[in-house]
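Report on one structure; see the data block that follows.
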Amino acid sequence: MRPLLVVILGPTASGKTSVALQLAKAFDTSIISADSRQVYKELPIGSAQPSDEELKTVSHYLISSHTINDPLDAASYAREARRLIEKE
């Protein structure tokens, strides 16, 4: 059986994080960020990363997980995201 994958889309500051946290708690699961900037440790401002408190409520992946000195391309992101989804 394939895992359920819920994708939440919308512009910055539209409430995606709040909805994602509610769903992750309800389904007892984690959040995998698909934001191309949130993945970088050096870009916390301007990318609307979840707060430290929000990050503590459920497991988050691909947020501040890479450095801009070692860019993450789309193919590498897809491999990492697939591995995380299959792990859940």
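The values are calculated or read from the model by the stated rules, or taken from the named source; none is laboratory data. As the structure is a prediction and not an experimental result, all values here were calculated from the model. Backbone-built Cβ (ideal geometry, glycine too); neighbour counts: all protein chains shown. The accessibility values were calculated without ligands, DNA or RNA, using every heavy atom of the protein model including side chains. Shrake-Rupley method; radii C 1.70, N 1.55, O 1.52, S 1.80 Å.
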* Asked: Which members of segment 3-17 meet the condition of being in contact with a helix residue (DSSP H, G or I) (Cβ under 9 Å, 6 or more places away or on another chain) and either loosely packed, with under 13 Cβ neighbours inside 10 Å or not in a helix (DSSP H, G or I) (or both)?
  -> PRO3, LEU4, LEU5, VAL6, ILE8, LEU9, GLY10
* To do: Only residues that are surrounded by 13 or more Cβ atoms within 10 Å (Cβ to Cβ) and over 23 Å from GLU86 (Cα atoms): list them for segment 18-38, please.
  => ARG37
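Do we have any residue at all in segment 57-80 that's of a type in the set (Lys, Arg) and in contact (Cβ under 8 Å) with a residue 12 or more places away in the chain?
no
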* Restrict the check to segment 39-60 and report whether at least one residue is open to solvent by 40 Å² or more (accessible area, probe 1.4 Å), at pLDDT 90 or above and assigned to a loop (DSSP other than H, G, I, E, B). => yes
